[in-house]
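Notes for the one structure printed next.
The values are calculated or read from the model by the stated rules, or taken from the named source; none is laboratory data. If you're wondering where the values come from, they're calculated on a predicted model, not measured in any experiment. Because the Cβ atoms are built from the backbone with ideal geometry, glycine has one as well, and the counts that use them run over all protein chains shown. These accessible areas exclude ligands, DNA and RNA; they are computed on the full protein's heavy atoms, side chains included. Shrake-Rupley method; radii C 1.70, N 1.55, O 1.52, S 1.80 Å.
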Amino acid sequence: GAGVSQTPSNKVTEKGKYVELRCDPISGHTALYWYRQSLGQGPEFLIYFQGTGAADDSGLPNDRFFAVRPEGSVSTLKIQRTERGDSAVYLCASSGTRTDTQYFGPGTRLTVL
Amino acid sequence: AQSVTQLDSQVPVFEEAPVELRCNYSSSVSVYLFWYVQYPNQGLQLLLKYLSGSTLVKGINGFEAEFNKSQTSFHLRKPSVHISDTAEYFCAVRTMNRDDKIIFGKGTRLHILP
């Protein structure tokens, strides 16, 4: 497909466990963003990559959250020692260098029990 | 810093009636403005965007929005809604740095009454 894809679509884990969420951006898009959407809220920015480097990680809530994009394409959001408050939909978006539009994936719904 | 306020968390409206979803923003720098729609169990989809030029912007599915700089508003309108318009609508802003993050409002749930 031509859109942003995210896996898994749903993830249920227990408090204290480690999780990884994956994002495949649109081919050729150099900018990649992660957002978190809690119930009843709008998406909130977490981190932005330009190529392989994190250009802005000011939205990461604490050091349990980390994201990588080693080859400038696929990105993985990693959450250590998950807490119940981490339960949310994690959204990924990508944009090209010559466009102003961010295209969003369907999201990963994370539930921490 | 930028912020977005969507004044209504829910808007009920009868089918075929007009609707306006309100959005106000705050920013110390010039911004781009967006409306995104999220249909049930689907991802965010861009409805329309204001970058520059005409303050009246037309989007998909018959929606339009008007940028009002003096009132810092970007209200979304549709003259006649359909049941298929049932969704969550998000107003958003971004600075004019092309790669900057988007700041979203909390969303307005549009509920179409038969």
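Tally time: how many residues in the range A:34-53 are in a strand (DSSP E or B), in contact with an Asp or Glu (Cβ under 9 Å, 6 or more places away or on another chain) and not hydrophobic (A, V, I, L, M, F, W, C)?
Residues that pass the stated criteria total 5.
What residue, among those in the range A:42-59 that are within 11 Å of chain B (Cβ to nearest Cβ) and surrounded by fewer than 19 Cβ atoms within 10 Å (Cβ to Cβ), is nearest to B:GLY43 (Cα to Cα)?
Among them, the one singled out is A:GLU44.
Here are some residues: A:LEU77, A:LEU21, A:LEU39. Which one is within 15 Å of A:THR108 (Cα to Cα), within 12 Å of another protein chain (Cβ to nearest Cβ) and among the hydrophobic types (A, V, I, L, M, F, W, C)?
Just one listed residue meets the conditions, A:LEU39.
Quick one: count up the residues across the range A:60-71 that are open to solvent by 20 Å² or more (accessible area, probe 1.4 Å) and within 14 Å of chain B (Cβ to nearest Cβ).
Looking only at that region, the number is 1.
Within the bounds of the range B:9-22, is there any residue that is over 12 Å from the mean Cα position of the chain (by Cα), at pLDDT 90 or above, within 14 Å of chain A (Cβ to nearest Cβ) and open to solvent by 30 Å² or more (accessible area, probe 1.4 Å)?
Scanning the range B:9-22 turns up at least one residue that is over 12 Å from the mean Cα position of the chain (by Cα), at pLDDT 90 or above, within 14 Å of chain A (Cβ to nearest Cβ) and open to solvent by 30 Å² or more (accessible area, probe 1.4 Å).
Yes or no: B:THR55 surrounded by 12 or more Cβ atoms within 10 Å (Cβ to Cβ) and under 29 Å from A:ALA88 (Cβ atoms)? First the steps, then the outcome.
Working: surrounded by 12 or more Cβ atoms within 10 Å (Cβ to Cβ): yes; under 29 Å from A:ALA88 (Cβ atoms): no.
No; evaluated as a whole, the condition is false for this residue.
Could you grab me the full set of residues in the range B:62-89 that are surrounded by fewer than 13 Cβ atoms within 10 Å (Cβ to Cβ) and either within 20 Å of B:SER27 (Cβ to Cβ) or out of contact with any strand residue (DSSP E or B) (no Cβ under 6 Å at 6 or more places or on another chain) (or both)?
Hits for the range B:62-89 are B:ASN68, B:LYS69, B:SER70, B:GLN71, B:PRO79, B:SER80, B:HIS82, B:SER84.
Against the conditions (1) within 14 Å of chain A (Cβ to nearest Cβ); (2) open to solvent by less than 80 Å² (accessible area, probe 1.4 Å); (3) basic (Lys, Arg); (4) not in a loop (DSSP other than H, G, I, E, B), where does B:LYS101 fall short? Just the number, please.
Of the numbered conditions (1) within 14 Å of chain A (Cβ to nearest Cβ); (2) open to solvent by less than 80 Å² (accessible area, probe 1.4 Å); (3) basic (Lys, Arg); (4) not in a loop (DSSP other than H, G, I, E, B), the odd one out for B:LYS101 is (4).
Here are the criteria: (1) outside any loop (DSSP other than H, G, I, E, B); (2) without any contact (Cβ under 8 Å) to a residue 24 or more places away in the chain. Tell me which single one B:ILE112 does not satisfy.
Checking B:ILE112 against (1) outside any loop (DSSP other than H, G, I, E, B); (2) without any contact (Cβ under 8 Å) to a residue 24 or more places away in the chain, the one that fails is (2).
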